[in-house]
Amino acid sequence: MRKYLVYLFGSFFFTSFAQQADTLVLDFKEYMGYVKKFHPVAKQAALTIDVGQANLMKARGGFDPKIEADYERKVFKSEEYWDRLNATFKIPTWYGIELKGNFEQSEGTNINPDEEFPVNGLYSAGVSVSVAQGLWINDRMATLKQAKLFREQTKADRDLLVNQILFDASTTYFEWLQAYLDAKVFDNFLTNAEVRFQGIRTSALAGDIAAIDTVEAKIAVQDRALSLEQARVRLVNKSLELSNFLWLGDNIPVELQPNIIPDIDLEGDIDTTLEILGKPLDSFTIENHPKLRSLGYKVDGLLVEKRLKANKLLPKIDLEYNFLTDTPELISSFQTEQYKGGVNFQFPLFLRKERGDLKLAKLKLQDAQLDLDFTEIEIRNKIFAIYNELESFQSQNQLIFDIVDNYSALLIAEERKFSFGESSLFLINSREIKLIEAKLKQNSVQNKYYSTKAKLFNSLAINPENL
């Protein structure tokens, strides 16, 4: 099964071939595209949108019409004490107004006088209004507003989660690339050391040079072989780390095989894949940053909560008025002279609970606003710093390329002098060690440059649309 999955993975992902016929190149853009599409964390990020929609649906349920029915009957020693039915249909509205229709019917020998209704029952239709607390904002309104804000917040949070997993995937790819290039460096220089050893050994057997030179040449071969083995272990480990991001549909993990290599010429692909191509320092808009949008929606939600808590300081005054009739089929039977009304008034004397809730809501709002202000400055300064790093790494890359070229020239010159008998194997090894160090540093600087591009992508919190 594993071999089949690896084959399938290769046939879909790896379209470019290296020089060896059995080597496949893992393209950076295809790799990132499948991370975004199939990685479990990316799928979890999409679930946040569903959570927001579910919360919004739940909040809208507070405005659903309701049917209530209350029925009870009492019979004792063959005597019917009462038989009561009270059915109500309610329609909540946006403000503190509720429309209501009601039907009441009761009979029996022991019912209260105020429950004596017409034979066919009594119908009522009316409205209840909150004229102080709950008129402009109430629990239902606040919950719905906050649910709408939360839905928008989940969209911003989704972008942040997707961006983070793509950032982690990209830096892992760059580390894998560096490990591959380092191993390639040691592999090349091991080949050079082996060729040099064979040449020196032949010359020593012919008596042209001292036999002790073969020992030094052999040590160089062994040292390069040791470094190559260490580099291969690191490459294997980085390949395993990269495999953590490789998934197919139906949550099937894929293991990276040894014949899969990274794309060594991907500088242009990074910018287009991460969608940071052509973004100068003054091009980004900090207000549209997903992190700031998420915090902004959080602040807006807490502002709604503060308004609700402030509204709780008002007295609770509910007015209710209902038309009464026993012939609901006749519209004219609903007359103002036949009604049932009432007033409900509540007001705590000290308001300690309400004032405490309002103070807590204000403190939460203040804390969230401070967090928003700090995060905005932090993101802005981080982006400025990354642009400075990118500018510096462009110069560093050019310098390290020149250094490698110069060390290569020195090694070639030293080998030519050795062929004329004007140098020593010690000097050649010294020049070669310096060249190896320069090439490894070149790979390191390149990796830091690529990683800084990924940091820019992460700091801007981009959710690529073309992956």
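Is region 28-132 best put as rounded, prolate or oblate by its Cα gyration tensor, with a ≥ b ≥ c the root eigenvalues, rounded for a/c under 1.5, and otherwise prolate when a/b is larger than b/c, oblate when not? Walk me through the numbers on the way to the answer.
Numbers: a/c = 6.44, a/b = 2.91, b/c = 2.22.
Cα axes put region 28-132 in the prolate bin.
What is the local net charge at Gly61, summed over the other residues whose Cβ is closer than 13 Å to its Cβ (Lys, Arg +1; Asp, Glu -1)? Mind dumping the intermediate values first?
Working: positive: Lys58, Arg60, Lys66, Arg140; negative: Asp64, Asp139.
Within the 13 Å Cβ shell, the charges total +2.
Quick check: convex hull over the Cα atoms of region 193-247, volume per residue in Å³, rounded to an integer? Please list the in-between numbers first.
On the way: hull volume 3.0 nm³, N = 55.
Hull volume normalised by residue count: 55 Å³.
Modelling each spin label as a point 7 Å along the Cα-to-Cβ direction, I'd like the Gln394/Asp271 distance in nm, to one decimal.
For the pair Gln394/Asp271, the computed spacing is 0.9 nm.
Before I look further, what does the chain give for accessible area per residue, probe 1.4 Å, in whole square angstrom? All intermediate terms of the calculation are to be shown ahead of the outcome.
On the way: 26750 Å² over 467 residues.
Here the per-residue accessible area is 57 Å².
Taking θ = phi - 60°, what integer Hz values does the Karplus form 6.51 cos²θ - 1.76 cosθ + 1.60 yield along region 429-441, in sequence order, with x for Gly and Pro?
Result, rounded to whole Hz: 4, 5, 4, 5, 4, 4, 5, 4, 4, 5, 5, 5, 5.
Between region 167-237 and region 53-94, how many Å separate their Cα centres?
Computed from Cα coordinates, the inter-centre distance equals 84 Å.
For the chain, what ratio Rg/Rh do Cα atoms give with a Kirkwood hydrodynamic radius?
Working: Rg = 38.7 Å, Rh = 30.0 Å.
Rg/Rh for the chain comes to 1.29.
Report in % the part of the accessible area of region 227-339 that belongs to carbon and sulfur, leaving out ligands and nucleic acids; probe 1.4 Å.
Numbers: 3330 of 6270 Å².
Looking at region 227-339 in its full context, I get 53 percent from C and S.
How much net charge surrounds Gly341 when only the other residues with a Cβ under 13 Å from the Cβ of Gly341 are counted, with Lys and Arg +1 and Asp and Glu -1? Walk me through the numbers on the way to the answer.
On the way: positive: Lys100, Lys340; negative: Asp318, Glu320, Glu337.
Every neighbour counted, the sum reads -1.
From the convex hull of the Cα coordinates of region 344-467, what is the mean projected area in square nanometres?
So the mean shadow area of the Cα hull is 15.9 nm².
Can you tally the net charge around Tyr180? Count Lys and Arg as +1, Asp and Glu as -1, for every other residue whose Cβ sits under 11 Å from the Cβ of Tyr180. Numbers along the way, then the final one.
Values: positive: Lys184, Arg232, Arg234, Lys238; negative: Glu175, Asp182, Asp187, Asp263.
Result for the local shell: 0.
Any chance you could give the angle, 0 to 90 degrees and rounded to 10, that helix 40-60 forms with the longest Cα principal axis of the chain?
10 degrees
Taking all pairs of distinct Cα atoms, average 1/r, flip it, and tell me the Kirkwood hydrodynamic radius of region 280-436 in Å to one decimal place. Walk me through the numbers on the way to the answer.
Values: mean 1/r = 0.0408 Å⁻¹.
Result for region 280-436 stands at 24.5 Å.
The values are calculated or read from the model by the stated rules, or taken from the named source; none is laboratory data. Note that the structure is predicted; figures quoted are calculated from it, not measured. Glycine also receives a Cβ, built like all others from the backbone with ideal geometry; neighbour counts cover every protein chain displayed. Side chains included, ligands, DNA and RNA excluded: accessible areas come from the protein's heavy atoms. Shrake-Rupley method; radii C 1.70, N 1.55, O 1.52, S 1.80 Å.
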